[in-house]
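Scroll down for the structure; my scribbles are underneath it.
The values are calculated or read from the model by the stated rules, or taken from the named source; none is laboratory data. Since this is a predicted model, take the numbers as computed values, not measurements. A quick note on method: Cβ atoms are made from the backbone with ideal geometry, for glycine too, and the neighbour counts reach across all protein chains shown. Note: areas computed on protein heavy atoms with side chains; ligands, DNA, RNA excluded. Shrake-Rupley method; radii C 1.70, N 1.55, O 1.52, S 1.80 Å.
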Amino acid sequence: MRILAVSGSTRAGSFNTSLLRAAADAAPEGVEVRLWEGIGDLPIYDQDLDAAGPPESVRRLREDWGAADAILFATPEYNGSVPGGLKNAVDWASRPQLEAPLTNKTVAVIGASPGQFGAMWAQADLRKILGIAGARVVGDELPVTRAHEKLDAEGRLLDAELHERLRLTLETLAAESIPVQVAV
Ligand SMILES: Cc1cc2nc3c(=O)[nH]c(=O)nc-3n(C[C@H](O)[C@H](O)[C@H](O)COP(=O)(O)O)c2cc1C
């Protein structure tokens with residue numbers, strides 16, 4: 001079971017990226033979690049560019065997201081919603097319409113912020129956006145509040161309860177996912 005972990009932040013010290021690394025450490029047996037870093041390489045979605053033949057960064061996104069058995073997103077909250085770069089990646093992954101990487105893809109959403117709401121509006125919006133893009137959104141939101149108290153400066157998780165919740169999120173994703181058949 002290959003779960004791709006996609007952070008909505010490209011920041012070096014990102015709490016959301018650290019959260020995904022912590023999720024990889026909490027993965028149940030048989031579940032491999034791989035961090036996908038490519039959001040910052042994508043051009044702004046453009047239908048003309050897509051029709052003309054998208055660049056390598058988009059091809060890689062579509063191939064990697066399409067090949068994953070499931071995707072775990074961790075989103076920051078920017079001005080009450082999903083960061084533009086993450087929305088842009090979802091837009092690219094929602095096309096081509098009948099064979100988009102997100103079509104029927106099992107996905108879950110978590111999110112962290114240093115504040116007291118844990119990116120909960122961004123998580124709600126991302127769940128909506130992913131659903132409209134054709135993905136199967138499973139599990140509950142996981143708002144990680146006061147993230148600076150739960151992850152140390154090196155991004156290590158300091159909170160045992162959160163470790164357990166990450167493990168449960170991955171268990172749900174793995175149980176609900178429809179494994180991608182790889183041609184041999
Ligand atoms: C442009 C911008 C807008 C932000 N808006 C919000 C917000 O609406 N709600 C919130 O809780 N935090 C907000 N923040 C603070 C982020 O939660 C904080 O920077 C967080 O660490 C970003 O996630 P990351 O650590 O994964 O990069 C905002 C930060 C930026 C840069």
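Return the residue satisfying two criteria in turn: it lies in the stretch 1-32 and is within 8 Å of the ligand (Cβ to nearest atom), part of a loop (DSSP other than H, G, I, E, B) and open to solvent by less than 20 Å² (accessible area, probe 1.4 Å), and of such residues it is nearest to GLU176 (Cα to Cα).
Ranking the qualifying residues of the stretch 1-32, first place goes to GLY8.
Quick check: is even one residue across the stretch 88-100 within 16 Å of the ligand (Cβ to nearest atom), at pLDDT 95 or above and more than 22 Å from ASP152 (Cα to Cα)? Break it down into steps so the answer makes sense when it comes.
Of all residues in the stretch 88-100, those within 16 Å of the ligand (Cβ to nearest atom) come to 88-89.
Cutting the leftovers down to at pLDDT 95 or above gives us 88-89.
Retained after the next criterion (residues that are more than 22 Å from ASP152 (Cα to Cα)): 88-89.
Scanning the stretch 88-100, I find at least one residue that is within 16 Å of the ligand (Cβ to nearest atom), at pLDDT 95 or above and more than 22 Å from ASP152 (Cα to Cα), so the answer is yes.
Count, please, the residues in the stretch 136-184 that happen to be under 17 Å from ARG2 (Cβ atoms) and without any contact (Cβ under 8 Å) to a residue 12 or more places away in the chain.
Matching residues across the stretch 136-184 total 4.
Go through the stretch 60-84 and report how many residues are within 11 Å of the ligand (Cβ to nearest atom) and not aliphatic (A, V, I, L, M).
Within the stretch 60-84, the subset within 11 Å of the ligand (Cβ to nearest atom) is 74-84.
This time we only want the ones that are not aliphatic (A, V, I, L, M), so: 75-81, 83-84.
Total satisfying the criteria: 9.
Does the stretch 42-101 hold any residues that are among the aromatic types (Phe, Trp, Tyr) and open to solvent by less than 30 Å² (accessible area, probe 1.4 Å), and which are they?
Hits for the stretch 42-101 are TRP65, PHE73, TRP92.
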